[in-house]
Amino acid sequence: MREKIIDWLKSNVSEHRLQHIIGVEKMCEDLAIHHKIDHKKAAQAGLMHDLAKFFAPPKLLEMTKKEYNEIDSVCLSNPHLLHADVSAIVARDTFGVTDKDILDAIRNHTLGNPEMSDLSCIVFIADALEPNRGNTPELEKMRKISYKNLHKTVQKTCEYSLKYLIKNNKTIHPRAILTRNWALHKVKVKN
């Protein structure tokens, strides 16, 4: 199945994006092994997380409306945010993935989701921190934390993304803030 997915990706994403996807797949697998989570599910979700990344906005909107009937106003204004939901649809409809955990991890990789599973946390983290994203001291620090505490890394990843969005005057989806607050609460409860 992996080769079939990679062949499909080669026709549907750029070479640069493919390298990112393979980096996410590898980091998902490594984190899952370290945290004693099903590494095959993690690798598969990582490999499939950006299936719809290069779909045009009208296609993202059409597929999302067909699946969910409603689209919130932030996603209507920023259809690229829907690529996670649509990637889960493609994983199911094109590749026959029926595992809810994998589909949820794909669906949650961009904005996160309060109460998301450890598998979803891993894909969320790996998407932001895989080595092709760069080697700044901040990213390196978050990568180290990812092997110690998934929720702390989700919190830090959210904060990193929120800083970028604010600095660049971009719209922030409320779910990103809810995800950050959920992760922060999980960290505080553990301490």
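The values are calculated or read from the model by the stated rules, or taken from the named source; none is laboratory data. Quick caveat, the model's predicted, so the values are computed rather than measured. Counting neighbours? That spans all protein chains shown, and the Cβs are built from the backbone with ideal geometry, glycine included. Just the protein is used for accessible areas: all its heavy atoms, side chains included, with ligands, DNA and RNA removed. Shrake-Rupley method; radii C 1.70, N 1.55, O 1.52, S 1.80 Å.
Working carefully through the options Gly23, Gly112, find the one that is assigned to a helix (DSSP H, G or I), at pLDDT 95 or above, within 21 Å of Thr153 (Cβ to Cβ) and small (Gly, Ala, Ser).
Gly23
In segment 124-142, which residues are open to solvent by 20 Å² or more (accessible area, probe 1.4 Å) and among the hydrophobic types (A, V, I, L, M, F, W, C)?
Ala128
Condition test on Thr157, is it open to solvent by less than 20 Å² (accessible area, probe 1.4 Å), without any contact (Cβ under 8 Å) to a residue 60 or more places away in the chain and over 22 Å from Leu82 (Cβ atoms)?
Spelling it out, it is not the case that Thr157 is open to solvent by less than 20 Å² (accessible area, probe 1.4 Å), without any contact (Cβ under 8 Å) to a residue 60 or more places away in the chain and over 22 Å from Leu82 (Cβ atoms).
Can you find, within segment 162-175, the residue that is nearest to Ala84 (Cα to Cα) among those that are in a helix (DSSP H, G or I) and open to solvent by 50 Å² or more (accessible area, probe 1.4 Å)?
If we take residues in segment 162-175 being in a helix (DSSP H, G or I) and open to solvent by 50 Å² or more (accessible area, probe 1.4 Å), then Arg175 is nearest to Ala84 (Cα to Cα).
Could you check how many residues of segment 93-112 are under 21 Å from Leu60 (Cβ atoms) and out of contact with any helix residue (DSSP H, G or I) (no Cβ under 6 Å at 6 or more places or on another chain)?
Of the residues in that region, 3 qualify.
How do the pairs read when you match residues in segment 50-66 that are under 12 Å from Ile89 (Cα atoms) with residues anywhere that are part of a helix (DSSP H, G or I) and open to solvent by 30 Å² or more (accessible area, probe 1.4 Å), using Cβ under 7 Å and keeping only pairs 6 or more apart or on different chains?
Filtered contacts from segment 50-66: Asp50/Arg17.
If Asn135 meets every condition in (1) in a helix (DSSP H, G or I); (2) at pLDDT below 95 apart from one, which number is that one?
Here Asn135 clears every test but (1).
Tally the residues that are farther than 17 Å from Arg175 by Cβ and open to solvent by less than 10 Å² (accessible area, probe 1.4 Å), restricting the search to segment 143-154.
Residues flagged as farther than 17 Å from Arg175 by Cβ and open to solvent by less than 10 Å² (accessible area, probe 1.4 Å) within segment 143-154 amount to 2.
Here is a list: Gly46, Gly112, Gly96. Which entry is crowded, with 19+ Cβ neighbours inside 10 Å and more than 23 Å from Ser14 (Cβ to Cβ)?
Gly112
Tell me, which residue of segment 68-93 that is polar (S, T, N, Q) and open to solvent by 10 Å² or more (accessible area, probe 1.4 Å) is farthest from Pro174 (Cα to Cα)?
Ranking the candidates gives Asn69 first.
Somewhere in segment 80-87, is a residue assigned to a helix (DSSP H, G or I) and farther than 30 Å from Arg2 by Cβ?
The answer is no, given that none of the residues of segment 80-87 is assigned to a helix (DSSP H, G or I) and farther than 30 Å from Arg2 by Cβ.
Quick test for you: out of Lys36, Lys53, pick the one residue that is assigned to a loop (DSSP other than H, G, I, E, B), at pLDDT 95 or above, among the charged types (D, E, K, R) and farther than 28 Å from His185 by Cα.
Of the residues listed, the single one that is assigned to a loop (DSSP other than H, G, I, E, B), at pLDDT 95 or above, among the charged types (D, E, K, R) and farther than 28 Å from His185 by Cα is Lys53.
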